[in-house]
Structure formats: C-alpha cells, structure tokens
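Take a look at the structure below.
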Amino acid sequence: MKNLTKIFALSACFLMVSFISKAQTYVGIGIKAGIPIGDFAEYAGFGLGGGIALDHMAGENVSLGFSAGYIAFFDNEIAPNVTGSSIVIPLLANVRYYFGDGSFTPLIGLGIGYTLVTQISNVELAGTTNEFTDDYNGFTINPHVGIRYAPNDKIALFITGDYNYILNEVEVDLIQEGDPVTGGPDVVALDPYAFIGINVGLSFNISK
C-alpha cells in the first residue's frame, strides 16, 4: 500500500506538470499556517511554512494543477521533559471550481496526493536532550475553499482554508506470546494526522 501510494502520487505529479506545460500556465507562491487537530495536536504545535503551485484553466470555471509545500510545526509539550514537533511536505494534484469570472471569485477545490511527515521528539534526561525522528508519510485528502481577487489577467491574490487528512503508515512491532524480548514481525498500522491550513499568496499568469 505504501509503495503503491507513492507511485500514484509521483505519476500524477509528473503527468500534471507535463500537461500544464503545454497550455496556459499560472504559477503561485504563498505562505501557509497550520493548526494541528485531533491526535496530531498532541505531538506538535502551531505550524508555519510556504508553498508553490502550478494551475491550468481546463475550462471556463475549472482548473487543474499541482502544489507542493513545506510546513514546520513547532514544539508542543507531549509529557514532562518531552516535546514534539513535525516537518510536513504535502505533494498534491488539485482540481478547483470557480464561481463566476469577476474580479472577486469564490472557489472550492479538492487536492489528492501524498504527504511526507517527519515527527521529531526531544527527550530531556539528566540535563541532556536526545532527539528521535519517525516518518509518518501517507496518502492525503485536501478539501479547500477560498476566494481569488484578480485585478487583471496577469496577477491574482488568493486566500484559502483547507482541511488536510493524512493516512499515515507506521511500522509497529508485534509482541508474540512467549517471546517478550525479541518481539514479533513488523506490521503496518494507520495513525492518521490532520490539520487545518490557512493560505495567502499570489498567482502569476506566465503564458505566452
């Protein structure tokens, strides 16, 4: 499942970039704030980062595109002398629908792809801090809503809010009965992460 998800995500990305490069192209840059929710909120604090995007107007009100981001979630106290933080890198293929064609345009969209998550734990013991890292990568669903303001056909300001649900895959050691020391085989278990994202940025029309 893990390898199949990676292959799907990477294939979608390459196909999307190849498609967009042959048509009208918009490139966007922006900053992103992240608020972890659910179990994720126990292991990381507020997040801040940025991203880039490519988009193509496949129809009058529909765009297809690809986005990549980098978000650093700051330290949060997990337990006494233990803090957690995370690095999140989402890679998404996106479809959006725009309501109307005026300067102010509401939009809804859906992103599907793969997210790389590095969970960092710092444990302080006897005056020494030890750092531990684990990978919680997984298939990602990203519904979002927002508004775009385009004063002309060359540049646009966008503000969006999104919900990111990451189906993380983690390896867990099974402890077999009668063998508490060496344990059992590794199995894959799901430990989903989720966070709310707020994005602000600019999009530029770079078509010829």
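The values are calculated or read from the model by the stated rules, or taken from the named source; none is laboratory data. None of the values given here were measured: they were computed from a predicted structure. Cβ sites come from the backbone with ideal geometry, for glycine too, and all protein chains shown count toward neighbours. Just so you know, the surface numbers come from the protein's heavy atoms only, side chains and all, with ligands and any DNA or RNA stripped out. Shrake-Rupley method; radii C 1.70, N 1.55, O 1.52, S 1.80 Å.
Assorted remarks:
- Quotient of C-alpha Rg and 2.2 N^0.38 Å, computed over the range 56-138: 1.66
- Cβ-based charge dipole, the range 38-144, positive-most Cα from Val82, Thr115, Val62: Val62
- Amide H within-cut-off set for Phe46, under 5 Å, with H built and near neighbours excluded: Phe74
- Student exercise, the range 34-146 dipole from Lys, Arg, Asp, Glu Cβ charges, in Debye to nearest 20: 340 debye
- Area accessible to solvent at Ile87, 1.4 Å probe radius, in Å²: 40 Å²
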